[in-house]
Amino acid sequence: NGDAGSYDCIFCKIAKKEVPANIIYEDENVMAFLDIAPLTKGHTLIIPKYHYYNLASMPPLVISHLGSVLPRIARAVCEAVDAPDFNMMQNNGIRTSQVVFHLHFHIMPHHPTDAKKF
Ligand code: 5GP
Ligand code: ZN
């Protein structure tokens, strides 16, 4: 199913700071960092530090904590790049656009000059 597990997972390495990233938020269980190939300016990824394959495999307490910090991170990201609006995207499984099999939410700030997309 495309799940490499935590072994050799790039987002696990970012969470453990074994691989550098532009971290914009961090607490005990959650990290947010800039996407290496941004689709819009400020494109941010939000992950649980622990390795979960996708949304369907998230324990309720972990996803509820992540969900509770999402709005704050989205607001901070949008403020930082002066974007009034944003898209949130989240892929689950190899038949979607998921290519990193460590659960993540995309926040893509939408800039006034951007064409409508996603
Ligand atoms: P997916 O298609 O799995 O939902 O999105 C994976 C995202 O992770 C892509 O937008 C890709 O650019 C980003 N990404 C992949 N490898 C790295 C990396 O090493 N560092 C960072 N910051 N982002 C990455
Ligand atoms: Zn992982």
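Read the figures in this text as sums done on the coordinates, not as results from a lab. Just so we're clear, the structure is a prediction, and the values are computed from it rather than from any experiment. Virtual Cβ from ideal backbone geometry, glycine too; neighbours counted across all protein chains shown.
Taking the C-alpha atoms only, the angle from helix 60-80 to the longest principal axis of the chain is near 30 degrees.
Highest mobility in the GNM of the chain, judged by mean-square fluctuation with C-alpha springs under 10 Å and restricted to 24, 46, 94, is found for 94. Phi-derived couplings, Karplus 6.51 cos²θ - 1.76 cosθ + 1.60 at θ = phi - 60°, listed residue by residue for the stretch 15-29: 4, 8, 6, 8, 10, x, 8, 7, 7, 10, 7, 7, 9, 4, 10 Hz, with x used for Gly and Pro.
Using a cut-off of 27 Å between Cα atoms, the listed pairs 49/116; 16/41; 16/116 include 49/116; 16/116 as exceeding that distance.
The calculated FRET efficiency for the pair residue 81 and residue 57, based on their C-beta separation and a Förster distance of 30 Å, comes to about 0.45.
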